[in-house]
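Below is one structure; the comments refer to it alone.
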Amino acid sequence: MNAQMPVEGRGQNFTQGLREDIFTTFLWSVGIGSLLLFFAGLVSLGSGIPTSIPVSIALLGTCWIAHTLQKRNLYDPSVKVFIAGLLISIAITLYTYPLGSNPFIFFTALIIAITGILLKPVHGFIVATIATVLLIVVAIFLNQGAQTLEPPFIAAVALAYFSAAIAWHTARSFFAVVEWAMDNYHKVERRETQLFESEKRLQRALIEKDFLNGQLVQSNQEIERARASAEEANRLKSQFVANMSHELRTPLNAIIGFSHIMQQGLKGPLTSDQHDYVQRVYDSGNHLLQLLNDILDNAKLEAGRLDLNPEPLLLEPIFHEVLLTTTSMLHDKPVELQQAIATDLPPVYGDRLRVTQILLNLLSNAAKFTEQGYITLRAYPRQMAQTNGHTNGHQIDNTDTMNSWHVVIEVDDTGVGIAEQHLSIIFEEYRQADADLSRKHGGTGLGLPISKRLVELHGGVLTVTSVPGRGSTFRFTLPVATTQQLRPVPVVEITGES
């Protein structure tokens, strides 16, 4: 209970306890003094009853009643009974000593001072008034009324009110100081308790920190072991893919080569059905070879071992080549193949084989997923802000200035499009936007991730915008060759139609 009690309340409780202790001391002191006064009266008992006997009896009775009330936790009534008994004892002395020559009336000042300490300070004035009225009434009753106007009584009354004023000021200041001291003591006590609790919490936090540090060290060790295992697994996977690609390419190349020879009729004529079957074998072999190439390229990219052979490139011959290949992929679909190439397109700096691979991946996707409409290959130069000026791994360094020119290449189609929620997964390995379409058109889901990484190795960016049912636009950039990178570029003669 004390811990939850406000600090001010605990200070007031201490002040009240101090008052009760002082009252107990006064009570026992008056009680013992009354007994001594009573025995002294008995010793001096002669022809008449001395004043000390009735006064001591009144005081003893008062002390007994006040003590009884105090034991019942009735503090205020017991104090008031005690003060009243003291005043009555003084009034009893008027029977023996007239008011004008009674020395006991000056004890009222002491009673008033005691009242200011035991009760509220303002009660001293109330007791002073009651004492004055009581003495006047008793004096009139004993035919001593005229003595109330004499200097002794007036001096006693003045002294009583002066004592009340002093007791009021002193008691209020004293108990205010006591309450302030106790309040500060309890505040300090509470702060010490809070400090002790904070210290315990800090110790617990330090223990938890040591425990967590131990767990962190253990976790780091486990992570390190897992990383080493993952690197080993990745190395073994890359080695397996490379070995398998080599093992599979050898028979595939044989299948493709022999089927091509049979198509040409070099080993004798073929019937229509036989020619159709051989054509299917040839196409399937090429398809499998392309899948193997994608898997091998992806493994090299993951291992960081795919090296570019950059050189200044003229894009028009590459565009012509990939458009011719794309035309054969349309299979007589009502799709118009268009191109919008800016005039005087500057040469770019890149790997011819990989740039061709990127374009073929994007155009083959457009051809697969476009049933009617058009496919447009668009290219134009644009100046772009450079984000950094250093190379990253095998990335091409093309940073002459803080601003560099790039060629933007777009493949725009009117195909099925891609839903917005699938735009974030189409560049993930082995992920395709629509499972039904992937089953219908085939593919491993590696074309776009490989293209994106190849573009980034060239220092460019591959992005996509799409509207389901209206088509998609894939856009990537290639850096324009700098003056240091330029060298005589062989001009390839463009023949045929796109």
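The values are calculated or read from the model by the stated rules, or taken from the named source; none is laboratory data. All of these numbers come straight from a predicted model, not from anything done at the bench. So basically every Cβ, Gly included, is an ideal-geometry build from the backbone, and we count neighbours across all protein chains shown. Quick note on the areas: whole protein, heavy atoms, side chains included, nothing else; ligands and nucleic acids left out. Shrake-Rupley method; radii C 1.70, N 1.55, O 1.52, S 1.80 Å.
Things worth noting here:
- Rolled with a 1.4 Å probe across the full set of protein chains, the surface gives His331 an accessible area near 140 Å².
- Solvent-accessible surface ranking, highest first, for Ile207, Ile154, Ile450 at 1.4 angstrom: Ile207, Ile154, Ile450
- For segment 260-370, with +1 on Lys and Arg beta carbons and -1 on Asp and Glu, the positive-most of Ile341, Leu363, His331 along the dipole: His331
- If you plug the beta carbon distance of Glu224 and Ser424 into 1/(1 + (r/R0)^6) with R0 = 35 Å, you get a FRET efficiency near 0.70.
- Spatially proximal lysines relative to Lys209 (Cα-Cα < 18 Å; intrachain offsets below 8 disregarded): Lys200
- With 30 Å as the limit, the listed pairs Lys237/Lys333; Lys120/Lys187; Lys71/Lys187 have Lys237/Lys333; Lys71/Lys187 beyond it between alpha carbons.
- Accessible area in square angstrom per residue, segment 59-115, 1.4 angstrom probe: 47 Å²
- Segment 124-242: relative contact order as a whole-number percent, Cα under 8 Å and 6+ apart: 22 percent
- Remark: accessible surface ordering of Leu296, Leu195 (largest first) is Leu195, Leu296, probe radius 1.4 Å.
- Spin-label proximity, Thr483 to segment 306-345 - amide N less than 19 Å from point 7 Å beyond Cα toward beta carbon: 312-313
- For the peptides 306-315, 108-117, 95-104, 363-372, residues were scored by their other Cβ atoms within 10 Å and the scores averaged per peptide; the highest-first order is 108-117, 363-372, 306-315, 95-104.
- These residues, Arg72, Arg201, go from largest to smallest accessible area, 1.4 Å probe, as Arg72, Arg201.
- A simple spin-label model places the labels of Asp273 and Gln338 4.6 nm from each other, with each point 7 Å out along Cα-to-Cβ.
- Relative contact order, percent, segment 12-154 [alpha-carbon distance under 8 Å, six or more residues apart]: 20 percent
- Measuring nothing but how far apart in sequence close Cα pairs (under 8 Å, 6+ apart) lie, relative to its length, segment 113-171 scores a relative contact order of 55 percent.
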